[in-house]
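Enquirer: Below you'll find the structure I mean.
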Amino acid sequence: MICPHCEKSLLRKERPNNVCSNCKRRYALDPKTNPLQISDLRIRRVMTKLTDEGRVPCTPGQLWYALSRKSLRSKRTESGCVALFVAVVATIVGLFSDTRFVVIAGCVVLLGAITYLGMLAGGLRRGRPRVARSDFHKDVLQQWIGVYGSPPPGLVDDRRHPQPGPIPAGSHHAVLLCPDPSIAAFLVAAGLPDRYGLALAREVHDVPARGPVIVLHDAGAHGLLLLQRARGALPGRPVIDAGLPLRTMRGLPNAVPYRSGKPGRAAMAELTARGHFTRGELRWLRAGWTFPLIGAPPARLLAVVERIAERVGMATDPQRRHAAAVGFLTWPTTGER
């Protein structure tokens, strides 16, 4: 491991208790001892990328997902118990010479091996993060803060940010419906709601009685149902889908989904009744897979939401429509001066 302070390469024995034997300074995370197998330098590199070198903010949820991508891709199995079981049975087999016992025990070992290979082939642990999102602050950020005194530069603590709540009924703003607190905190920190006059709502029942509604959602069963239920609960209202498109996301080689709680039968019945998804997509959704918004590159996500907010704003604001019509909001075309 490279020391984040003096940049010396250290063997495990040269960094006892997360202290560099060269510069005697303490560091936060050792890849050999933390479940995400990350170091302080890796967090800094990932933060630089997520914040676009400090141009945009980043939330713990976005950082958690970026650091979990590698483990989410791998087909992990908890093979230790299987290996121990096979070793114990093999030892017992060696202690006895009874042919029948050897045959029976051999069958048990074979069954265990087949089960293990089946787990590998099916990737039963694939898509399960090594550190739960709810544990990320305790298992990673607290270690960092304990050494450096504050979170990594550019990280916005979504627990302390104003979260979406009920919107006044008389509001004329367009509404951004976003149930994920990390994404809501990210957009607020980036100044998007203030810039475009957007009101934030966390649930459909928080949305006021008028104005267009922009729905930001994951590409998973619960996110897709949010869009469907918003349109059902707000008849006659413009409801704009600004979420991750499932079919497109599944076709991207670098997009990494994860598995959470499986949707219930009623939820799947709603999605099936819509008639929009293929059998393969419904099977994927039923297994609990999702592409989360926190997995989208923050700068790209912000640019997409800004474009949608701009279009919605021009559609609802007469003054902005007039400005666009006379050219104040357009770039000059070729030949114009």
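The values are calculated or read from the model by the stated rules, or taken from the named source; none is laboratory data. Fair warning: this is a prediction, and the values are worked out from it, not measured in the lab. Note that we place each Cβ from the backbone using ideal geometry, even for glycine, and neighbour counts take in every protein chain shown.
Enquirer: Considering each of A184, A269 in turn, give the residue that is more than 27 Å from P60 (Cα to Cα), outside the structural domain of Y65 (by TED's automatic domain parsing), modelled with pLDDT of 90 or more and not in a loop (DSSP other than H, G, I, E, B). If you could, list the steps in order and put the result at the bottom.
Expert: Values: A184 fails: more than 27 Å from P60 (Cα to Cα).
After ruling out the rest, the residue left standing is A269.
Enquirer: Checking K262 against (1) among the charged types (D, E, K, R); (2) assigned to a loop (DSSP other than H, G, I, E, B); (3) closer than 20 Å to L198 by Cα, only one condition comes out false. Which one?
Expert: Result: K262 fails condition (3) only.
Enquirer: For L301, all conditions in the list (1) out of contact with any Gly (no Cβ under 8 Å at 6 or more places or on another chain); (2) of a type outside the set (S, T, N, Q); (3) more than 22 Å from S68 (Cβ to Cβ) hold save one; what is the number of the exception?
Expert: Among (1) out of contact with any Gly (no Cβ under 8 Å at 6 or more places or on another chain); (2) of a type outside the set (S, T, N, Q); (3) more than 22 Å from S68 (Cβ to Cβ), the lone unmet condition for L301 is (3).
Enquirer: Could you please let me know if P164 is surrounded by 13 or more Cβ atoms within 10 Å (Cβ to Cβ) and at pLDDT below 90? If you could, list the steps in order and put the result at the bottom.
Expert: Values: surrounded by 13 or more Cβ atoms within 10 Å (Cβ to Cβ): yes; at pLDDT below 90: yes.
Yes; evaluated as a whole, the condition is true for this residue.
Enquirer: Considering only residues that are at pLDDT 95 or above and either among the charged types (D, E, K, R) or assigned to a helix (DSSP H, G or I) (or both), which ones fall in segment 204-221?
Expert: Residues satisfying the conditions are D218, A221.
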